[in-house]
Each structure stands twice: as structure tokens, then as C-alpha cells.
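**Q** Before we start, here is the structure in question, set down as C-alpha cells.
The values are calculated or read from the model by the stated rules, or taken from the named source; none is laboratory data. Keep in mind it's a predicted model, so treat the numbers as computed, not measured. Methodologically, a virtual Cβ is constructed for each residue, glycine included, from the backbone with ideal geometry; neighbour enumeration extends over all protein chains shown. All accessible areas refer to the heavy atoms of the entire protein, side chains included, with ligands and DNA or RNA removed. Shrake-Rupley method; radii C 1.70, N 1.55, O 1.52, S 1.80 Å.
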Amino acid sequence: MSKLFDYRQIAENEMFVGRKDEVKHLSTNFVFLTGTAVVAPRGWGKSSLIHKAAQEASHKEKSFRFCYVNLSGVRNEERFFELLAQSVLKAVSRSREDVLDKVKKFFPYLEPRISFASESVKDLNVDFDWEEIRRNKDMLLDIPQTVASELGLKLMVCIDDFHNISLFADSEDLLKRMESRWRRHESAGYCVAGEGNGLFEKFLKTTPLFYRYGEIIRLGRIRPTDMVKFIRDRFADTAK
């Protein structure tokens, strides 16, 4: 018999509970590349909501690509830039050969080290020389826009555990660079999710991408009626 509940994974299909209004609202934001911040305590379903809304948006807009960056456990901006580049390459590449072609096209000066844990593009890993990252931060922040514009696509970059940026050595400089670069992008949009903390909240309140031109969504709890139905259905489906 299948598991009743799995708290460690993104909730999909029958495991996704309620939030119909939030899904509709967020998917519309995605279609228009509206900068969006999703704020809630850990375990309230931020990541699951974003994935669900991304599925809905993808049905409406075929030229859409979604890039997922998870900052859980990330403690420095160098790794952040590697994950950003990695997620963009995964989103726009169909094969290993396609990845290598796009690396030559979009990272001609950085010479990243590319490796694959399997034949799948999903198992791509990107490593940069950290000194090169420090010299090319703005170029790397522009990569989603550069790639999307060149390929005629729309890219939505979704960054989970965004609050971890506050742990980076020079986090305020990175956030200022993000604000400066991202608000100019026309073919790439950004959705950040995290728990409310001091620096994250300050960033949201002072970055026009979210508070002026975009939206800050503060998630509430799932409605009790939806949770009761979900729990009953799971017991019925699994005969437990």
C-alpha cells in the first residue's frame, strides 16, 4: 500500500491540498512574469504551491520554462550562482550535447566545469571558478534574461529558501545587485519563497520588483474543510 502522507516531498497530484485561489492567482502572475514573493513559516506548502502554479501556467503558455533553485543548506553566494546557472541550463536544454552547446554560447568566458551523474539533463552539475564568479556577478544575474531573450522563451526563476541569503558573507551587496539587474528583465521573471526574517523582509519592502511592480503573498493555513476531506480521502484510498 502507498504511504498515507509524505512530508519530505513536493505535494503533487492527489497529495496537493486546497489553495485553489492561490494557485490561480500565482499562475496568472507567472504568465505575466510578475515578480512574486511567497512568505510563510516552514512546512506551510510554499514549494508545493509554486510547483502547482507552474504546472497551471505551463498549460497556458507553451513558451514557458521554469527554473528551480533551492537554497536549503547553501551558505555562500558562489554556490548560489552555480545553482542559478545550473537551473537555467536544465530548463532550456534537451540533452547533454545541448547543454554543452549552450555553455559555449552563454558562458564563453567563465569556462564552467560541467558534469552529469547520469544520462539525464536533470542530473547536471555546474561548477565555476570562484574568482571568475566574483568578477562576473552581474553577468550571471542577467543569465535568465539573456538566455530567454536569445531563445525566444519566457523564463520564471523560482528560488526556494530565499531567506538563506541572509547567511551569505556579503548578502546586502548581492540583494542590491539582484534588485538592480532583475527589474530590467523583460523575458525573465522571479518568484522567491522563504520564511520571514529581518533581511528578507527588508529586501521585499525596498525592492520595487515585489512591493511596487510585483506582489508579496503571505500564505495562511490551508482551510480546515480541505484538510479534513484530504485526510479522509487518503485513508480511503490506501485502505489503512
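**Q** Could you please find all residues in segment 164-191 being within 12 Å of Leu71 (Cα to Cα) and in contact (Cβ under 8 Å) with a residue 40 or more places away in the chain?
**A** Those that are within 12 Å of Leu71 (Cα to Cα) and in contact (Cβ under 8 Å) with a residue 40 or more places away in the chain: Asn164, Ile165, Leu167, Phe168.
**Q** Working only within segment 58-96, note down all residues that are more than 19 Å from Phe128 (Cα to Cα) and surrounded by fewer than 13 Cβ atoms within 10 Å (Cβ to Cβ).
**A** Within segment 58-96, His59, Lys60, Lys62, Ser63, Ser72, Arg94, Ser95 meet the criteria.
**Q** On to the next question. Being modelled with pLDDT of 90 or more, open to solvent by 30 Å² or more (accessible area, probe 1.4 Å) and touching a helix residue (DSSP H, G or I) at 6+ places or on another chain (Cβ under 6 Å): is that true of Lys52 here?
**A** Here the answer is yes, as Lys52 does meet what is asked.
**Q** Count, please, the residues in segment 143-177 that happen to be out of contact with any Ser or Thr (no Cβ under 8 Å at 6 or more places or on another chain), crowded, with 20+ Cβ neighbours inside 10 Å and among the hydrophobic types (A, V, I, L, M, F, W, C).
**A** 7
**Q** Of the residues that make up segment 98-119, is at least one among the small types (Gly, Ala, Ser) and either touching a Lys or Arg at 6+ places or on another chain (Cβ under 7 Å) or within 30 Å of Val38 (Cα to Cα) (or both)?
**A** Within segment 98-119, not a single residue is among the small types (Gly, Ala, Ser) and either touching a Lys or Arg at 6+ places or on another chain (Cβ under 7 Å) or within 30 Å of Val38 (Cα to Cα) (or both).
**Q** While we're on this one: Mind checking which residues of segment 115-151 are at pLDDT 95 or above and outside any helix (DSSP H, G or I)?
**A** Residue satisfying the conditions is Asp142 alone.
**Q** Separate question: Residues that are part of a loop (DSSP other than H, G, I, E, B) and touching a Ser or Thr at 6+ places or on another chain (Cβ under 6 Å): does segment 179-191 have at least one?
**A** yes
**Q** When you scan segment 40-47, do you find a residue that is part of a helix (DSSP H, G or I) and in contact (Cβ under 8 Å) with a residue 40 or more places away in the chain, even just one?
**A** yes
Quick grid of which residues meet (1) modelled with pLDDT under 90; (2) not in a helix (DSSP H, G or I):
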| residue | (1), (2) |
| --- | --- |
| Val38 | no, yes |
| Gly73 | no, yes |
| Ala85 | no, no |
| Lys90 | no, no |
| Arg94 | no, yes |
| Pro108 | yes, yes |
